[in-house]
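Worksheet for the structure shown next.
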């Protein structure tokens, strides 16, 4: 049962949300992560690219389906309702392609899927599904009901309370460690209870740690750099404990959904679009794209750098006609974005501007951004409508990066390394499916 036969094999997937390849490589070299070092010596630890835009909901959707946003339909934590200026929050039910574990489940494979982001609300599965963030209700985040009863009893936490990071780093660290230990407890419970073919567990505390404390780690803060490393050392122990208990012949996959880097500037692109005459707003307290003045708006931005042209026939009150005018607006936008400079350092803010048609393919590209601005190092792009200033100093110290995720594959089969997050679904299927 533990090795691959005519009915397929078994696999474990461990996700570390937002953990960069470069960070792991450096910490392994320092000797701080001995368990991960041992695992990496047996499997291929490689740098991996992730999705554009570099948003967790988009990346995990691509991981679980093996396809790009033009096929699975998720472009951000918020997306536009077709034919309106209204927003909605895509969830598991908006996914246009079935995730790998539902495909395996239909084939009679038993799957245990814990804490994968953007799997809320939980759906029926041959096995266990406990949603990751964003999950406002633990009961609706859990399938089946018996699993919910257990989670409620032990005080399971889907995620940390990130607001604590704005109050106190000490409070955040306390919450991070408590949530980590509860994740370990639940992981072991379902691993032992379930006769699984596929076991998936994602640790999201790493992402929260990075957002609030990356600068402390980079700058070797005398207190919080050690706390940053202490969290990873405990996570390393938990992973080592779990992996050492796996029977022989079980394939192991590890990954992150994106990398991380320090923030130099938060950059509010809608404030820039207003300054450059592309965007006009209605009222004194704009909040979303519903507050644009469509008669004089040619383009608007959504997180993190998704640019939409106010296109006639697609937007309800589009002001830009298709064809030559559309192409001209895209050209002007690209040029203006590439010319944007940090007023203090003179550094470029935008590394490149890419057309959506070059990034995405599939039946759902009508929801894709027209342009995506890719940030220069340390430039954290924001889509808020509420800010008047372009450059702001915020609470967060770390931002997502696209080209520094990691993957690791340890398997008896000769599987090619994954160079993009979409490729992992096929690698896992090669183990699970007969």
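With the cut-off at 1.5 for a/c, could you classify segment 265-392 from its C-alpha gyration tensor as rounded, prolate or oblate?
Details: a/c = 1.72, a/b = 1.21, b/c = 1.42.
Verdict is oblate for segment 265-392.
Given [x] 22.6; [y] 21.6; [z] 23.5 as candidate values of Kirkwood radius over Cα pairs in Å, which corresponds to the one derived from the coordinates?
Among [x] 22.6; [y] 21.6; [z] 23.5, the one derived from this structure is [x].
Any chance you could check the Cα centroid distance between segment 104-176 and segment 346-405 for me, in angstrom?
Spelled out, the Cα-based centre of one part sits 29 Å from the other.
What FRET efficiency comes out for residue 361 versus residue 126 if R0 is 45 angstrom and r is the Cβ-Cβ distance? Round to the nearest 0.05.
Efficiency for this residue pair is about 0.90.
Among 400, 364, which comes first, second and so on when ranked by fewest other beta-carbon atoms within 10 Å? Please list the in-between numbers first.
Working: 400 25, 364 18.
The fewest-first ordering by Cβ neighbours comes to 364, 400.
Under 18 Å from the 7 Å Cα→Cβ point of residue 393, by amide nitrogen: which residues of segment 251-275?
Only 262-268 pass the distance filter.
How long is segment 329-434 along each principal axis, judged by its Cα atoms, biggest number first, in Å?
For segment 329-434, the Cα extents along the three principal axes come out at 56, 34, 24 Å.
What is the spin-label model distance, in nm, from residue 237 to residue 88 if the labels are put 7 Å beyond Cα along the C-beta direction?
Spacing of the two 7 Å Cα→Cβ label points: 4.6 nm.
Ignoring everything except DSSP H segments at least 4 long, calculate the 222 nm mean residue ellipticity for the chain; use -39,500 (n - 2.57) per segment, divide by total residues, nearest 500.
Details: 14 runs with 150 residues, N = 434.
For the chain, the value works out to -10500 deg cm²/dmol.
What ranking do 214, 191 get, fewest neighbouring Cβ atoms within 10 angstrom at the top?
Numbers: 214 22, 191 17.
The most exposed by this proxy come first: 191, 214.
On C-alpha positions alone, give me the angle between the axis of helix 145-154 and the longest principal axis of the chain, in degrees, nearest 10.
90 degrees
I'd like the antiparallel share, as a percent to the nearest 5, of DSSP beta bridges with both residues in the chain.
Details: 33 of 60 bridges.
Within the chain, antiparallel bridges account for around 55 percent of the total.
Is any residue of segment 345-360 close enough, with backbone N under 17 Å, to a label point placed 7 angstrom from the Cα of residue 26 along the Cα-Cβ axis, and if so, which?
Inside the label zone: nothing.
How high is the relative contact order of the chain, given as a whole-number percent (alpha carbon pairs under 8 Å, six or more residues apart)?
Working: 910 pairs, mean separation 124.3, N = 434.
Answer for the chain is 29 percent.
Want the number for residue 338 to residue 7: 0.36 nm per residue separation, take away the alpha-carbon distance, what's left? Mind dumping the intermediate values first?
On the way: separation 331, 0.36 × 331 = 119.16 nm, distance 5.33 nm.
Taking residue 338 through residue 7 to full extension adds about 113.8 nm, to one decimal.
If you average 1/r across every pair of different Cα atoms in segment 66-124 and take the reciprocal, what Kirkwood value do you get, in Å? Don't skip to the end; give the middle numbers.
Details: mean 1/r = 0.0773 Å⁻¹.
After inverting the mean inverse Cα-Cα distance, the result is 12.9 Å.
May I ask you to sort 380, 226, 414 by Cβ crowding, counting other Cβ atoms within 10 Å and putting the fewest first?
Fewest-to-most ranking of 380, 226, 414: 414, 226, 380.
Can you give the angle from 0 to 90° between the axis of helix 169-193 and the longest principal axis of the chain, with both taken from C-alpha atoms, to the nearest 10?
50 degrees
Equivalent-ellipsoid semi-axes (√(5λ), Cα gyration tensor) for segment 209-272, whole Å, largest first? Walk me through the intermediate numbers first.
On the way: eigenvalues 216, 71, 9 Å².
They are 33, 19, 7 Å, listed largest first.
Each value in this text was obtained by applying a stated rule to the coordinates, not by laboratory testing. Model, not experiment: these values are computed from the prediction. Every residue, glycine among them, receives a Cβ derived from its backbone with ideal geometry; neighbour counts consider all protein chains shown.
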